[in-house]
Structure formats: structure tokens, C-alpha cells
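The structure appears right after this line, and notes come after that.
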Number of protein chains: 2
Amino acid sequence: MDSTVKVITSPVCNVTCFEQEKVARIKSELAKEEHLLPQLAELYKVLGNVTRLKILLALAQGELCVCDVAHVLGLTVAATSHQLKLLRDQGWLAMRNDGKMVYYRLRAEGLLTALKGEMRLLEERLG
Amino acid sequence: MDSTVKVITSPVCNVTCFEQEKVARIKSELAKEEHLLPQLAELYKVLGNVTRLKILLALAQGELCVCDVAHVLGLTVAATSHQLKLLRDQGWLAMRNDGKMVYYRLRAEGLLTALKGEMRLLEERLG
DNA sequence: CTTTCATTTAGACGATTGCGCAAACGATAA
DNA sequence: TTATCGTTTGCGCAATCGTCTAAATGAAAG
């Protein structure tokens, strides 16, 4: 065994590590932006669902009340409300109260700036 | 009740539908691109996970063997291999065989074109 | 051949997700 | 006040996910 192998840090135990210094360098690089990754993942997670994509596309054509969104989706109002709240909590949607009705609409600026931000971030790292 | 209400299509039953014709129009708009949404969601789903984002960022600095990726992640080799296969199956990574070792690398072109494609798609619809 | 060892696959298990049902909430109308 | 009704919330369930351990590949060395 040479010096680049079998020097284990943790927590991957009893496993050979080739190119130890390269691994260490990459780990320190990742550590710099590791705090951003959970938010970035959440951002993508919210888009990784057909129901939510449909909501975004539907509301791109104008605001809708909850039960009309439900009809567009073909889901119960409860399930629709749940997803709307999720999107609203992450800043993709805004809501407006009108009597008993609640109207949801896109907050496209935030959506677009977020997407462009991720784009830029990845472009920087991937060339 | 007026003509815009209580005309139920399905499967959201016993729920009032306001702006019936608007809902119908949006549904037909969505239907046109509905077949694309599952793929789009899968694309985002794969990015909605910190482990996989770390893998992409790590490999952005050059190819690595599986066990070195595992050390970067701090996960078992098995879990690492599982995520690498997932990314490879979706075309984000390529692999190279060298004896017992397997080296993974980014296929950045596909990654970037995919991201830019989604960007364009959403930009069109959101202004 | 057999052994070794990096990787993959199989199986299990806890955590998370997405949905429906039903109850609670909140605003309007009587 | 009480009744109505759109929406939200709480709970449960089935399905999926992310990880582990252990066994199975597969290639190189002895």
C-alpha cells in the first residue's frame, strides 16, 4: 500500500481511499457551499412533482381560486390546498383573500430569479 | 346558482366550480404538454437531493472512482454506487471502466442543455 | 484454478411524500 | 346568534426514497 491509500478520515470506514489529497481538496471545496445545498435541493424538490408543475403552469395564465385549481388538477380541494400552501411557503405563489374565496397567483419574479440563480451557479461550476 | 357554477366534470366531486370555461380552457392548455411534465418532474427530482447535488459538484472538478466519491460524501460505497447509477441512468453522468475500478464523470453538455431547456420552457410561460 | 478487492445488487428498514377523509376554521348571510 | 360554504388543518395510509448490511459480480493477481 502506498501513501495515497488507506488513510481513512471518516465516516466511510474500512474502505480504501485513492487520491487522498484530491478527495480532501474536493471536500473542502464542497464545504464552502454546503450550507446552500439544502435550500437548492428544496428548490428543485418543489419542481420535481407533476401536480406542482401543473399548478405553476395553470397559474401562469392568471389567478385562480382553490376549488378551480382543484378542478384543473382533478384532485380534492384538500390535496390542492396542501400543495398550494407548500408552493406559497417557498415563495413561488402569493394569495389574495376575497370573502370566503382565496385566490392564488404566481410570483414569477421570484421564480425566475431563483431559476436563473441556480442556472448561474451551475454554469459557473460546470464550465 | 348561475351557469358558471356546479357544472362538475370529474373526479373532483360535489365541489363547486367557478369560472367553468376558464378552467376548461386551462385544462386543454395543460393537456397539450401534459406528456412532457413527468419527464420534467423527473429531471428536477434528481436535482432535489443534497447527496446528488454534491456528486455533481464533486465530479465537476474531474472524474472520480466510486470509493473516492463515497469518501467525499461520507456515505457507504453501496449508497454512493446507488446514487451514481441513478444519475447515470438519467444521462447526467458517464462511466469508464479501468480494471477493477470504475470512474464516473459529468456529462455537462446534457446537464446544461437540459437546464437551459427547462429555463426556456418556463420563461416562455411565465413571461 | 483460487484469492483479492472495487463495485454492484438484493433485501430490509426508517423517513418522507402525496393523497383522501373528516373535522376545524373563517367569513358571509339570514 | 346560527347556518352556509370555501378553505385549511390533522390524521392515516400506501407508495417512494435514501440509507444500511450482506451477498453477488467481475476483473486482476498469484
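From B:Leu57, B:Leu40, grab the single residue that is in contact (Cβ under 8 Å) with a residue 40 or more places away in the chain and touching an Asp or Glu at 6+ places or on another chain (Cβ under 8 Å).
B:Leu40
Just to be sure before I move on: is A:Gly74 within 7 Å of another protein chain (Cβ to nearest Cβ), open to solvent by less than 40 Å² (accessible area, probe 1.4 Å) and in contact with a Pro (Cβ under 6 Å, 6 or more places away or on another chain) in the structure I sent?
Against the criterion (within 7 Å of another protein chain (Cβ to nearest Cβ), open to solvent by less than 40 Å² (accessible area, probe 1.4 Å) and in contact with a Pro (Cβ under 6 Å, 6 or more places away or on another chain)), A:Gly74 qualifies.
Away from DNA strand D (no atom under 15 Å from the Cβ), open to solvent by 30 Å² or more (accessible area, probe 1.4 Å) and more than 30 Å from A:Val77 (Cβ to Cβ): is that true of B:Glu29 in this structure?
no
Looking at B:Ala58, is it under 21 Å from A:Leu30 (Cα atoms), modelled with pLDDT under 90 and buried (at least 17 other Cβ atoms within 10 Å of the Cβ)?
For B:Ala58, the condition - under 21 Å from A:Leu30 (Cα atoms), modelled with pLDDT under 90 and buried (at least 17 other Cβ atoms within 10 Å of the Cβ) - is not met.
The values are calculated or read from the model by the stated rules, or taken from the named source; none is laboratory data. Keep in mind it's a predicted model, so treat the numbers as computed, not measured. Every residue, glycine among them, receives a Cβ derived from its backbone with ideal geometry; neighbour counts consider all protein chains shown. What goes into the accessible areas is simple: the full protein's heavy atoms, side chains included, and nothing from ligands, DNA or RNA. Shrake-Rupley method; radii C 1.70, N 1.55, O 1.52, S 1.80 Å.
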